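Only one structure is covered here, and it is reproduced in the block below.
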Amino acid sequence: MSNQVMPRLAVLEGVLERITYANEENGYTVARVDTGRGAGELLTVVGSLLGAQVGESLRMEGRWGSHPQYGKQFTVENYTTVLPATVQGIRRYLGSGLIKGIGPRIAERIVDHFGVDTLDVIEQEPKRLVEVPGLGPKRTKLIGAAWEEQKAIKEVMVFLQGVGVSTSIAVRIYKKYEDASISVVKNQPYRLAADVWGIGFLTADKIAQAVGIPHDSPERVKAGLQYALSQSTDQGHCFLPEEQLIADAVKLLQVDTGLVIDCLAELAADEEGVVREQVPGPDGGEPLTAVYLVPFHRAELSLAGQLRRLLRAEEDRMPAFRDVDWGRALAWLAERTGAELAPEQEAAVRLALTSRVAVLTGGPGCGKSFTVRSIVELARAKKAKVVLAAPTGRAAKRLAELTGAEASTVHRLLELRPGGDAAYDRDRPLDADLVVVDEASMLDLLLANKLVKAVAMGAHLLLVGDVDQLPSVGAGEVLRDLLTDGGPVPSVRLTRIFRQAQQSGVVTNAHRINSGMQPVTSGMTDFFLFVAEETEDAGRLTVDVAARRIPAKFGLDPRRDVQVLAPMHRGPAGAGTLNGLLQQAITPARPDLPEKRFGGRVFRVGDKVTQIRNNYDKGRNGVFNGTVGVVTSLQPDDQRLTVLTDEDEEVPYDFDELDELAHAYAVTIHRSQGSEYPAVVIPVTTGAWMMLQRNLLYTAVTRARKLVVLVGSRKAIGQAVRTVSAGRRFTALDHRLVGGPPVG
C-alpha cells in the first residue's frame, strides 16, 4: 500500500448562480458559481450540492480538476451556506426566489430600506418589514414564516446530507415531521418508507445504515418484507406466494432465510402486519400460501362479499324492467336513437336493466358506446336515477358527451378524502338506481372495492370495459376476475364489428393485433408506419411526426390533439427522453416565457403535464395519478405554478411540490389507459423488446379516435403482436366470488 498523502481540500467561496444539471436520486449536481472575480466569469462546480439554492453564498471544500470538454472545475466534497454580507449579495440572495413571498422586485425594496442589516431584520425582527413601502402585514407574516421554515429545512438538510438523501425528499421529510424530523430519521428510519411519498425501502435502508441500524435487525427484515410485498402490488399482484416472498426478501436483504421466516411469522401475528391464507393455485392448481398486505386482503374479501350481496339483493330499485314489454320498449328506443340494436347489444341492454350487477365488454367498433347510451335512455325513461362514472377525467368527459348526462371520475363520485376514505360507502350509499362505470379495465382492487361499497342495495351496477386491454395500473385484475367462467356475475361480450367501423384502419388493425395478426400499414388513410430500425432514429422521427408532420398534414394541435405513447419510460425512444425533445419542439425556452427548473426538469407556461401520485389534499376533491393538464401560469415571487387540468380545474402547485408533476407530451402506454386522443404516435422499437406484448400495443392503438402512426421496425411490431402477456397476476378475487371457503 502506498503512503501517498491525499492532497488537502481546497476551499472555494462563491454565489450559486445557476444549476445546469441535478440528479434527484443522488444529489449529484453541476452548477455555475460566481466567485466575485469580476468580469462576470462563472466557474463550474460539480458534486453533491444537496439543498443549495440559486442565490446562496457557499463555502465549498473540495478539489480542483479539469474536464476535457468544460475545462477547469471544482469537485465539491462538502459545503456550508454563508449568508451574504454585501448589499449586492443580499439583494441577489433574496431575489433568487428562495424565500416564498420575496421576488426580485420586493427584494430590491427591502434591501433599499434596510441595507446590510436586511438579513438580521428578517431573522430577528420580521415585523419591521411592514416599514418597507408596499409590504402589508399579511406578506410580512408570510416572509417571516418562510424564513423560519427555510432555516429549519436547512438544518434537516445538513443532517441528511451526510446520509445522501435528495433535496426534494429532505423537504418532504421536514414537511411530514417538522421539528421531529431528525429524531425520526435517527431512531425510526424505516417509518419513512411508509410515511413519506417518494421514499421507498431502499432509501430508508440507506439512511438506516448511515445511522447505525444493524444489517440483520428484525426491524430491517420486517420493513424489507413489507417493501417486497408493496413492490409486488406496484406490479399488479394482490398477494405473493409465501415461498416467492421469502426468496425475494432474502435476495433484497442479503440475510439468512431462517431470519426472514421468523420475521414473516412475527408480521403475520401482528394485526397490522401481513395476512397469510391458503388460496387455490393458478388455474385451480395445487393450493398455495398467499401473503397479503392487510389493506389488499381486506379489499379482496370486501369486494367479493359486497358483489355477492348486491347480486342476491331482494329489493330492486328498477322494478319496472322485471315485466316490461321489451318489444315496445326497444321500438321506442329505436325511434329515439334512430338505430336498431344488434341482437348481442339487445341482450346487454336487457341484462343491465334486469340484473343487479353486469359486465359489458368488447373491442372498438363493436357498439359498446351505443349500447351504454341505449341502457341510459331506457333507464331514464322509467325515471330511474342514473349515475355515470369513469376512472379518468378524459373518459368521464367522453361518457358525458355520449349519454348527454353528467359523468364524473370515480374519485369525485365517491368524494375520496385525505387518507383515501370515501364520503360514500355502505352506511351512506350513492343515491342512484343505476351506476354505470366505463373503462372498467382500469379499476384496481382498492378503487373497485370503494366503488362497489357505495352502491345501494337493490341498485344496478354496470361495468363497461375492454378486457383485452392492459389490466389496471394498481393491483388486481378486477374486470377479468369478474368475467371468469362459472363466476356469479353475468356478462355480455360484443364481438360484431359494425359496418362503418370496418372502414377505419384504427379499428380494423386493433382487432388484427388482438387476434395475433400484423397490422396493415399501407393504403390506409388513418394508420401509418414510419420505418426506423435504430432506436435513436425512431426517437427523433417520433418527435418530428408528433410535433411537425401530423399538425401540418391533418391540422391537429400538437399539444392538445396528439399524444406520444411509448412502451417504456427509459431509453432513446422512451417517454422520458421523448418528453425532453417534444418540449423543445413544442414549448421551447423563450426570453419572455417564465420557467422553473426542478431536479432534472424545466417547467414552462404551456407545458403539458401529468400528476404522478394520488394527492387527496389538492384541488376541490384531490388530484389523482394520471390527471393531465397544461401549465397556465408560473409565479416566481409566490413560488407557485398553476395547472389547468383536463377536468377544467385550476390547481396550484408550490415549487417544492413539483416532484408530483411530470411532463406528458409523451407518456407510457400504461399511463394512457382510459384516455382517448384524436391522434397517437407509438414508437415500437427493438430497444423495448422486453415490454413488447400484444395487449400493450392493442391498448395503445385503441387510445386513438382518428389516427395512429407507428414509428419503428416491423420486427418489433411482429414481436409485440406474437407475444401474449406472460402469466396472470396473483389475485384470489375469482375464487372468493364463487364463495370459495378458505382452502386447506
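Here the condition is being open to solvent by 10 Å² or more (accessible area, probe 1.4 Å), basic (Lys, Arg), over 27 Å from the mean Cα position of the chain (by Cα) and within 30 Å of Gln231 (Cβ to Cβ); of Lys176, Lys186, it holds for Lys186 alone. Cβ-Cβ distances below 9 Å connect the following pairs, each with a first residue in the stretch 422-446 that is of a type in the set (Phe, Trp, Tyr), a second residue that is part of a loop (DSSP other than H, G, I, E, B) and surrounded by fewer than 22 Cβ atoms within 10 Å (Cβ to Cβ), and a separation of six or more residues or different chains: Tyr424/Glu415; Tyr424/Leu430. Within the stretch 266-287, being open to solvent by less than 60 Å² (accessible area, probe 1.4 Å) and either over 20 Å from Gln231 (Cα atoms) or among the acidic types (Asp, Glu) (or both) holds for Glu277, Val279, Pro280, Gly281, Gly285.
Can you work out which of the residues in the stretch 684-695 that are more than 21 Å from the chain's Cα centre (by Cα) and not in a loop (DSSP other than H, G, I, E, B) is modelled with the lowest pLDDT? So, considering only residues that are more than 21 Å from the chain's Cα centre (by Cα) and not in a loop (DSSP other than H, G, I, E, B), the one modelled with the lowest pLDDT is Trp689. Considering the stretch 202-219, the residues that are under 28 Å from the mean Cα position of the chain (by Cα) and surrounded by fewer than 20 Cβ atoms within 10 Å (Cβ to Cβ) include one that is nearest to Cys263 (Cα to Cα), namely Leu202. Counting just the residues of the stretch 442-455 that are open to solvent by 10 Å² or more (accessible area, probe 1.4 Å) and not charged (D, E, K, R), which one comes out farthest from Val701 (Cα to Cα)? My answer is Asn449.
Could you go through the stretch 498-513 and let me know if any residue there is open to solvent by 70 Å² or more (accessible area, probe 1.4 Å), touching a residue at least 40 places away in the same chain (Cβ under 8 Å) and in contact with a helix residue (DSSP H, G or I) (Cβ under 7 Å, 6 or more places away or on another chain). Within the stretch 498-513, one or more residues are open to solvent by 70 Å² or more (accessible area, probe 1.4 Å), touching a residue at least 40 places away in the same chain (Cβ under 8 Å) and in contact with a helix residue (DSSP H, G or I) (Cβ under 7 Å, 6 or more places away or on another chain).
Among the residues making up the stretch 427-445, those that are outside any loop (DSSP other than H, G, I, E, B) and closer than 19 Å to Ala348 by Cβ are Leu434, Val435, Val436, Val437, Ala440, Ser441. Here is the figure for the stretch 399-421: residues that are farther than 23 Å from Arg613 by Cα and of a type outside the set (Val, Ile, Thr) total 7.
Of all residues in the stretch 696-721, those satisfying the criterion of being of a type in the set (Ser, Thr, Tyr) and either open to solvent by less than 10 Å² (accessible area, probe 1.4 Å) or over 27 Å from the mean Cα position of the chain (by Cα) (or both) are Tyr698, Thr699, Ser713. If you go through the stretch 328-369 and keep only what is part of a helix (DSSP H, G or I), farther than 23 Å from Gln500 by Cα and either open to solvent by 20 Å² or more (accessible area, probe 1.4 Å) or in contact with a Cys (Cβ under 7 Å, 6 or more places away or on another chain) (or both), you end up with Arg328, Trp332, Arg350, Leu351, Thr354. Restricting attention to the stretch 402-424, the residues that are open to solvent by 50 Å² or more (accessible area, probe 1.4 Å) and assigned to a loop (DSSP other than H, G, I, E, B) add up to 5. The residue pairs whose first member lies in the stretch 171-198 and is modelled with pLDDT under 85, whose second member is open to solvent by 90 Å² or more (accessible area, probe 1.4 Å) and not acidic (Asp, Glu), and whose beta carbons are closer than 6 Å, counting only pairs six or more residues apart or on different chains, are Asp195/Lys176; Val196/Lys176. Taking the criterion of being at pLDDT below 85 and either under 27 Å from Ala146 (Cβ atoms) or surrounded by fewer than 21 Cβ atoms within 10 Å (Cβ to Cβ) (or both), the residues of the stretch 624-645 that qualify are Asn625, Pro636, Asp637, Asp638, Gln639. Within the stretch 114-148, the set of residues being over 21 Å from Glu56 (Cα atoms) and either open to solvent by 60 Å² or more (accessible area, probe 1.4 Å) or touching a Cys at 6+ places or on another chain (Cβ under 9 Å) (or both) comprises Glu125, Lys127, Arg128, Val130, Glu131, Pro133, Gly134, Pro137, Lys138, Arg139, Lys141.
Residue by residue, here is whether (1) in contact with a strand residue (DSSP E or B) (Cβ under 9 Å, 6 or more places away or on another chain); (2) not hydrophobic (A, V, I, L, M, F, W, C) holds:
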position: Ala532; (1), (2): yes, no
position: Leu541; (1), (2): yes, no
position: Val545; (1), (2): yes, no
position: Lys553; (1), (2): no, yes
position: Pro558; (1), (2): no, yes
position: Asp561; (1), (2): yes, yes
position: Leu565; (1), (2): yes, no
position: Met568; (1), (2): yes, no
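Report, by residue number, each residue of the stretch 269-300 that is farther than 29 Å from Ala454 by Cβ and part of a helix (DSSP H, G or I). Within the stretch 269-300, Ala269, Pro282, Asp283, Gly284 qualify.
Gly571 falls short on exactly one of the conditions (1) farther than 18 Å from Gly629 by Cα; (2) surrounded by fewer than 16 Cβ atoms within 10 Å (Cβ to Cβ), and that condition is (2). Report yes if Val473 is of a type in the set (Val, Ile, Thr), touching a Leu at 6+ places or on another chain (Cβ under 7 Å) and either surrounded by fewer than 21 Cβ atoms within 10 Å (Cβ to Cβ) or over 22 Å from Ala381 (Cα atoms) (or both), otherwise no. When the stated conditions are applied, Val473 does not pass them.
Of all residues in the stretch 220-248, those that are surrounded by fewer than 20 Cβ atoms within 10 Å (Cβ to Cβ) and either touching a Cys at 6+ places or on another chain (Cβ under 9 Å) or in a loop (DSSP other than H, G, I, E, B) (or both) total 1.
Filter the stretch 587-614 for residues that are polar (S, T, N, Q) and either modelled with pLDDT under 85 or open to solvent by 60 Å² or more (accessible area, probe 1.4 Å) (or both) and give the result. Once the filter is applied, which keeps residues that are polar (S, T, N, Q) and either modelled with pLDDT under 85 or open to solvent by 60 Å² or more (accessible area, probe 1.4 Å) (or both), the stretch 587-614 yields only Asn614. Annotation note: Cβ proximity below 6 Å between a residue of the stretch 247-272 that is over 13 Å from Ala223 (Cβ atoms) and without any contact (Cβ under 8 Å) to a residue 12 or more places away in the chain and a residue that is of a type in the set (S, T, N, Q) and part of a helix (DSSP H, G or I) (sequence gap 6+ or interchain) occurs for Val250/Thr257. The residue that is least open to solvent (accessible area, probe 1.4 Å), counting only those in the stretch 722-732 that are assigned to a loop (DSSP other than H, G, I, E, B) and farther than 23 Å from Glu439 by Cβ, is Ala732. Restricting attention to the stretch 509-528, which residues are of a type in the set (A, V, I, L, M) and under 9 Å from Val721 (Cα atoms)? Passing the criteria: Ile513, Met517. Inspect all residues belonging to the stretch 622-638 and state whether any of them is among the polar types (S, T, N, Q) and under 22 Å from Ser408 (Cβ atoms). There is at least one residue in the stretch 622-638 that is among the polar types (S, T, N, Q) and under 22 Å from Ser408 (Cβ atoms). Inspect the stretch 376-392 for any residue being closer than 18 Å to Asp466 by Cβ, in contact (Cβ under 8 Å) with a residue 12 or more places away in the chain and in a helix (DSSP H, G or I) and give the result as yes or no. Among the residues of the stretch 376-392, not one is closer than 18 Å to Asp466 by Cβ, in contact (Cβ under 8 Å) with a residue 12 or more places away in the chain and in a helix (DSSP H, G or I), which makes the answer no.
The values are calculated or read from the model by the stated rules, or taken from the named source; none is laboratory data. If you're wondering where the values come from, they're calculated on a predicted model, not measured in any experiment. Glycine gets a Cβ as well: all are built from the backbone with ideal geometry, and neighbour counts include every protein chain shown. These accessible areas exclude ligands, DNA and RNA; they are computed on the full protein's heavy atoms, side chains included. Shrake-Rupley method; radii C 1.70, N 1.55, O 1.52, S 1.80 Å.
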